[in-house]
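What follows is one structure encoded as structure tokens, with my remarks underneath.
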Amino acid sequence: MSTLSSQLLPLLLLGLAVLALTQPVMAQAPDPESKAGYENNAGLGRGPDDITTEIEVIDKQKDSATSIPVIDDLLEKWYGLKGYLNDEIALQFAVAWTSLYQRVTSSPGDDQAAGGIFEVAGTWSQIGRESGNPAIIGFRLEDRHRIGTDTTPQDLGPMSGSAWPTAVGYSEFDFTLAELWWQQDLIKDRISFRIGKQLPFAIYDYFALKSPKTGFTDATFTLNPTIAFPQFGLGATISIWPTDEVYLLAGIHDADGKPESNGFDSFFNEKEYFTIGEIGWDPTFNVGKGSYHVTAWHVDERTDTGRPDGWGLTLFGEQQISGTLPFLRYGYSDGGAALLEHMVAGGVGVPNVFGEDHDVLGIGLSWGRPSAKGLDDQYASELFYRVQVLPNVAITPSVQMILNPARNPDKNAMAVFGIRGRIAL
């Protein structure tokens, strides 16, 4: 972690702790599952890593196998502070640190990596609050760092010979304002737009277990390597819900976006864009809720980095069935802008493992054909089990198997063992 980050983060956490301890405990939230009274009023970002979704999920009451009374009392004060700020100035926020360690059984380079993501994310919706249709300002302060290793988890897979990363998001950059955007409903619950610095990965190609912080980590189940997603950057997104079950989503984003840059120079001067559109259907059947969508995208050539233009198409579906969540995704890309030309990924998520409501078991299988010429097809699987050990702490062991690693032809297979920890407040 950078020197600046190491100085700022303890001060930030200390300040929040002092505020929490000096606030009275709030009354019971209207939603019995909500600790601070948060509600997701976004209507646009549905992905688990979108700010609006993430802070709402963190605020939900979570059952766990163990409980520590002293910590529970401190957390009650903490959520009292969050509820107070929500009531008084319409500020909702969450603080989280997620760490990941991975070790691969075979690698021509480093065989292990560890990294973390520290974030303070939130929304402020005081403007227009009395009208019932407030503007939502979303923000995310984030630091990504290595932990005692020379390699980040995001780089470990390609270094070991995999055609795609075995961990997404666990890269490295200093504490920065990674997201800052304005969102507004044009027609309540029907038409919304968002402009500003944002993360396209968190908005499009929705998948309940897509988050590498709480779900799968392998890129075929999270990032979708047949889409040339840019990083954090300036952009504009619009969502339209003609009915309660059908939505249209479209956006234009800076193809050269960087988390530590404000993005104005690249967006308005370079004028190299990532455009994307999605049509989806969220039906409810007797067996449970479903989510189905088709996503199409195009990216311009990026002259400074020498990356080509390209386009692609993704088909996805997930459906609750008897308490499980099977899913299937197919992706295609043309032009070489994305890592993979073809991909099929499917599996199942199983919540309520061993009777624990917030424990989740995930199993996935995938196949991918690299866009780079001369590389063979690669196959992979991932098994993870997220254990809610405390209401605000989750531990997730995982194992991945990679068959025929495309960039390590001397090996027929390799395994990637991982352990992830997450503290979310």
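What follows is calculated from the coordinates using simple rules that are stated; it is not laboratory data. Predicted model, so just to flag it, every value in this text is computed and none were measured. Cβ: placed from backbone, ideal geometry, glycine included. Neighbour counts: every protein chain shown.
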>> Using only the alpha-carbon atoms of segment 275-425 as identical scatterers, what base-10 log of I(q)/I(0) does the Debye formula give at q = 0.12, 0.14 Å⁻¹?
In response: -0.71, -0.92
>> Can you give the Rg/Rh ratio of segment 92-189, where Rg is from the C-alpha atoms and Rh is the Kirkwood radius?
In response: 1.20
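For segment 151-241, what does the convex hull of the Cα positions come to per residue, in cubic angstrom? Mind showing how you got there, number by number?
Numbers: hull volume 10.3 nm³, N = 91.
About 113 Å³ per residue, rounded to a whole number.
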> What ranking, highest mean first, results for peptides 50-57, 275-282 when packing means the other Cβ atoms within 10 Å averaged over each residue?
Replying inline: 50-57, 275-282
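Taking a quarter of the surface of the convex hull around the Cα atoms of segment 355-425, what do you get in nm²? Present the calculation step by step, with values, prior to reporting the outcome.
Working: hull surface 24.9 nm².
It is 6.2 nm².
Work the Kirkwood hydrodynamic radius out for segment 189-247: mean of 1/r over every pair of different alpha-carbon atoms, inverted, in Å.
Working: mean 1/r = 0.0768 Å⁻¹.
Value: 13.0 Å, from the Cα pair sum.
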> How do the peptides 66-74, 96-104 rank, highest first, by the average count of neighbouring beta carbon atoms within 10 Å per residue?
Replying inline: 96-104, 66-74
>> Using a Gaussian network model on the chain with a 10 Å cutoff between Cα atoms, which of Arg146, Arg194, Arg129 fluctuates the most?
In response: Arg129
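To one decimal place, what Kirkwood hydrodynamic radius in Å is obtained for segment 105-152 from all pairs of distinct Cα atoms? Spell out each step's value before the answer.
Working: mean 1/r = 0.0709 Å⁻¹.
Roughly 14.1 Å, rounded to one decimal.
Give me the dipole magnitude in Debye, nearest 20, for segment 105-149 about the Cα centre, with unit charges on the beta carbon: positive for Lys and Arg, negative for Asp and Glu.
Values: 4 positive and 6 negative charges, 34 e Å.
Dipole about the Cα centre, nearest 20: 160 debye.
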> Quick one: how many lysine pairs in the chain have C-alpha atoms under 13 angstrom apart, if they're 8 or more apart or on different chains?
Replying inline: 6
> In nm, to one decimal, how far is the modelled label at Phe417 from the one at Asp189, with both set 7 Å along Cα→Cβ?
Replying inline: 5.1
> How long are the three semi-axes of the equivalent ellipsoid for the chain, computed from the Cα gyration tensor as the root of 5 times each eigenvalue, in whole Å, largest first?
Replying inline: 32, 26, 23
> Can you run phi through the Karplus equation (6.51, -1.76, 1.60; θ = phi - 60°) for segment 311-320 and list ³J(HN,Hα) in whole Hz, with x for Gly and Pro?
Replying inline: 8, x, 9, 10, 10, 9, x, 9, 8, 5
> What relative contact order, as a whole-number percentage, does the chain give when Cα pairs under 8 Å and 6 or more residues apart are counted?
Replying inline: 14
> Which ³J(HN,Hα) values in Hz, rounded to whole numbers, follow from the phi angles of segment 49-56 under the Karplus curve 6.51 cos²θ - 1.76 cosθ + 1.60, where θ = phi - 60° and Gly and Pro get x?
Replying inline: 9, 6, 3, 4, 6, 4, 5, 5
